[in-house]
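The values are calculated or read from the model by the stated rules, or taken from the named source; none is laboratory data. This one's a predicted model, so the numbers in the text were calculated from it and none came from an experiment. Every residue, glycine as well, gets a Cβ built from its backbone with ideal geometry; the counts of neighbours run over all protein chains shown. Ligands, DNA and RNA are excluded from the accessible area calculation, which covers all protein heavy atoms including side chains. Shrake-Rupley method; radii C 1.70, N 1.55, O 1.52, S 1.80 Å.
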Amino acid sequence: MITAGVDIGSITAKAAVIVDGEVKGTRVDFTGYNAEQAGRRVLDELLKELGMDAQSIDRVVSTGYGRNSVKFADKAITEIICHGTGAHFLNPQVRSIIDVGGQDSKAMVVDSEGRVRDFAMNDKCAAGTGRFLEVMARALEVDLGDFGAKSLKSERPSKISSICTVFAESEVISLISKGEKRENIIAGIHDSVASRISALAKRIGVGEPLMMTGGVAKNMGVVKALENRLKMSIEVLESAQVNGAIGAAVMAARL
Amino acid sequence: MAGEAQEKEKRKMKSAKKMRDIMTNYYIEAKTAGETGKKVAWITSGGPVEPLIAMDVIPVYPENHGAMIGASKMGGELCERAEELGYSGDICSYARSDIGCSLVDGGPIGGLPKPDMLICCNNICGTVLKWYEVQARYYDIPLFIFDTPFCHTEYADEAKKYVRKQIDEYTGFLEGVCGKKFDHDRIKEVGRLSVEGQQLWQEVLDTAMNKPSPMTCFDAFFFLALIVTLRGTQETIDFYRDLLEEMRGRVAEGISAIPNERYRLLWDNLPIWYRIKWLSEKFASHDACLVADTYTSAWCGSLKYMDENNFLDSMAEGYTRIYLNIGVDEMIKIVLEMVDKYDVDGFVMHSNRSCKPYSLGQYDIQRAVQREKGIPSLIIESHMVDERSFSESQTETRIDAFMEMIRQKK
């Protein structure tokens, strides 16, 4: 059976194709203005890469904030279930998942079958999300991709006390004007994000083995800060950003 | 399509029109009180209204009005008026929209009638004290504050004496404002009608124990208006008798509140007034019926303390021990009982930025429900009237995920 998962996030669109229980390929694109088109495009491009055509796909499940815009999907399933399913598919031992994307962060606890037992999401506030990091990267004039490596060089992380993105940005700007080192500011930003996420993760009682997924998992600075806060080790796979799409493709096979 | 329309018609509640008519007449009477010579008192939703009825004073509830403002999606605009005066956006949206409405006579009914007096009971929150003081200054009218000590676990003797004494002060206050003696015979009759009204309301809510349920909590939010505004009157009793009969009839005929009840849920906290329809359709699309809630049952939750043969004394205890004036451990007991009574599969909590006393302790209640009953729960963050703070896509994802989780579990 050939299935596909399409995950339309607030910043990026992801696709995954699974053939007979094996991930054949994945792809990440920007979502842009039109969620439906983004879904179509990212899947088409992936199929082109894999030398497959759309007709060969048996079923598609969409997920993410744009899940209901993907009209060609057979079913829309929330990213909470898809991330749980994806993580369990890639490592059946996993019992907790922290997923941090562009506009929200969430923690999930799954059972031995990968079924979500409980979840918590950030409140309606950008703190603790990828968007928060993007705003800070712009203020610091640092490429977001370099954030992780830079923060690991920090000797003395700055203290960012405000949880509001706008106020935190002014804190960052005032630290810049005081001549504080970029590394320290970035490490402070990561700790601020980690404190938000760890609070909601603790609320539902996450435990090991713990996996982190979503785009922000690519940032080793956030992962380390979270490990320190939670006093747990966190597994991050290469496929962290496309985990939701993989989970959607797995769900598609079960429809 | 014809079948669908027929289905919808069958599910429609016949009593809804009657209630709209009663409420319309009630507001017309209140708004024309100046011409009929009757006095109008504004009173908090959990306040002891019976002495007002006994004195022929028309009680008006800014909170009921707030619900109407919210349901008409006019909350944000009126809250802005209050914010322009300097009131913080963190203040209760009932208070903000009421203060805003007083300035512009806006909202769905062009504002409330000008009050002759204000009755403020702090058994529901502390905000009402400042809110009613503001309004007392604005309208330059007398304010009576009925102070109910918080009951962490019990109703101590000191509290009992303290509250009972205030009932005499309250009736004395009414004698002064109304210029006539308090009618002690009449209050006995009003008390009897109030207790009977509350009993009937409880019986109406109890019909949701049936599977499938003939009503949802969204229906209860609507039908609640009478027990809030007109308890202590014969009209309320007549109405709830008819409503009870309609609900029992629906049960007998197998008419369910939603087309396909597969999951039963319990709601906590005030409604999100401007999203009632959206929420009820959203849950119904998942075959989930919100069968009961902690909010509407608060208007019959004190029945165990009420004695119609000794109304004024027992009223003191009943009004002090309402759901919002007790400790979290007591609340947990009530919620756990409701989980069993209505046999629910999940718990939906509205974390209401407007209502701090209702929202404080929700995480503890949530944990207790999960621990004791093993059912999943969901927290939705919002404001009950201020629609500017609602995020549809965020709420939708949480509800969808919650329902997927329940489905996987069941």
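For residue A:226, neighbours were defined as the other residues whose beta-carbon sits under 14 Å from its Cβ, and their charges (Lys and Arg +1, Asp and Glu -1) total +2. Going by accessible surface with a 1.4 Å probe and the largest first, A:161, B:377, A:170, A:239 read A:161, A:170, A:239, B:377. In this simple spin-label approximation, residue A:45 and residue B:277 carry label points 7 Å from Cα along the Cα→Cβ vector, and these lie 4.1 nm apart.
Across segment B:365-377, coupling constants 3J(HN,Hα) worked out from phi with the 6.51/-1.76/1.60 Karplus curve, θ = phi - 60°, read 5, 4, 4, 5, 5, 5, 5, 7, 10, x, 9, x, 9 Hz, and Gly and Pro carry x. Counted by Cβ distance under 14 Å from residue B:29, the other residues give a net charge of -1, where Lys and Arg count +1 and Asp and Glu count -1.
Computed from the mean reciprocal separation of all distinct C-alpha pairs, what Kirkwood hydrodynamic radius does chain A have, in Å? This gives a value of 18.3 Å. Listed by chain and number, the lysines placed with their C-alpha closer than 23 angstrom to that of residue B:181 are B:38, B:39, B:165; residues fewer than eight positions away on the same chain are left out.
Modelled spin labels at residue A:159 and residue B:12, positioned 7 Å past Cα toward Cβ, are 6.4 nm from each other.
Karplus-derived 3J(HN,Hα) values for segment A:189-202, using 6.51 cos²θ - 1.76 cosθ + 1.60 with θ = phi - 60°, are 4, 5, 5, 5, 4, 5, 5, 5, 5, 5, 4, 6, 5, 5 Hz; glycine and proline are entered as x. Lysine pair count for segment A:93-236 (Cα-Cα distance under 18 Å; residues 8 or more apart in sequence or on different chains): 16. Taken one residue at a time, the phi angles of segment B:331-348 give Karplus couplings (6.51, -1.76, 1.60, θ = phi - 60°) of 4, 4, 4, 5, 5, 4, 4, 5, 4, 6, 4, 9, 6, 9, 9, x, 10, 10 Hz. Gly and Pro are set to x. Only lysines eight or more places from residue A:71 in sequence, or on another chain, were considered; those with a Cα closer than 20 Å are A:14, B:282. Shielding value for B:361-367 is 1, the average number of Cβ atoms from other chains within 10 Å of each residue's Cβ. Under 19 Å of direct C-alpha separation, and excluding same-chain neighbours fewer than eight residues apart, residue A:24 reaches these aspartates and glutamates: A:7, A:44, A:45, A:49, A:53, A:58, A:238.
Working from label points 7 Å from Cα in the Cα-to-Cβ sense, the residue B:180 to residue A:236 distance is 7.7 nm. In the distance distribution for segment A:121-171, Cα-Cα pairs more than 16 Å apart total 46 percent. If you take the alpha carbon atoms of segment B:65-143 and fit the smallest convex hull around them, that volume is 86 Å³ per residue.
Counting Cα-Cα pairs of segment B:268-387 in 5 Å increments starting at 0 gives whole-percent bin shares of 2, 10, 19, 22, 19, 14, 8, 4, 2, 0.
Computed with every protein chain present, the accessible area of residue A:65 is close to 50 Å² [probe 1.4 Å].
Using only Cα coordinates, the Kirkwood hydrodynamic radius of segment A:20-94 works out to 13.5 Å.
Mean silhouette area of chain B, derived from the convex hull of its C-alpha atoms and averaged over all directions, reads 19.8 nm². A 1.4 Å probe run over the protein chains yields, for the protein assembly as shown, 41 Å² of accessible area per residue, whole-number rounding.
Net charge of the neighbourhood of residue B:314, taken over other residues with C-beta under 9 Å away and scored Lys/Arg +1, Asp/Glu -1, is -4. Here, P(r) means the percent of Cα pairs in each 10 Å bin from 0 to the largest distance; for segment B:126-235 it is 11, 24, 38, 21, 5, 0.
Rounded to two decimals, the Cα-based Rg/Rh of the protein assembly as shown, with Kirkwood Rh, is 1.02.
For chain A, averaging the sequence separation of C-alpha pairs within contact (under 8 Å, six or more residues apart) and dividing by the residue count gives a relative contact order of 25 percent. Grouping the Cα pair distances of segment B:1-57 into 10 Å bins from zero gives a pair-distance distribution of 18, 31, 24, 13, 12, 1 percent in increasing distance order. How much of the calculated P(r) for segment A:37-187 lies past 18 Å, in percent of all Cα pairs? Tail of P(r) above 18 Å: 69 percent of Cα pairs. In this view, the solvent-accessible surface of residue A:19, computed with a 1.4 Å probe and all protein chains in place, comes to about 30 Å². Under 12 Å from a label point set 7 Å out along the Cα-to-Cβ vector of residue A:53, no amide N atom of segment A:1-41 is found. Sorted largest first by accessible area at a 1.4 angstrom probe radius, with every protein chain in place, the residues A:155, B:189 fall in the order A:155, B:189. Solvent-free Debye calculation, one equal scatterer per alpha-carbon of segment B:2-182: log10 I(q)/I(0) at 0.12, 0.19 Å⁻¹ equals -0.66, -1.29. Across B:152, B:350, the residue with the most accessible area heads the list, and the full order at a 1.4 Å probe is B:152, B:350. Here the average projected area of the convex hull drawn through the C-alpha atoms of segment B:223-320 stands at 7.9 nm². Only Cα pairs under 8 Å and 6+ residues apart enter the sum, and on that basis the relative contact order of segment B:186-409 stands at 21 percent.
For segment B:25-94, take N as its residue count and report Rg(C-alpha) divided by 2.2 N^0.38 Å.
Cα Rg divided by the expected 2.2 N^0.38 Å: 1.31.
Report summary: the helix-based calculation at 222 nm, which adds -39500 (n - 2.57) for every DSSP H run with n ≥ 4 and divides by the residues of chain A, gives -12500 deg cm²/dmol. Taken over segment B:186-409, the alpha-carbon convex hull comes to 115 cubic angstrom per residue.
Here the calculated FRET efficiency for residue B:25 and residue B:307, from their Cβ-Cβ distance with R0 = 25 Å, stands at 0.20, rounded to the nearest 0.05.
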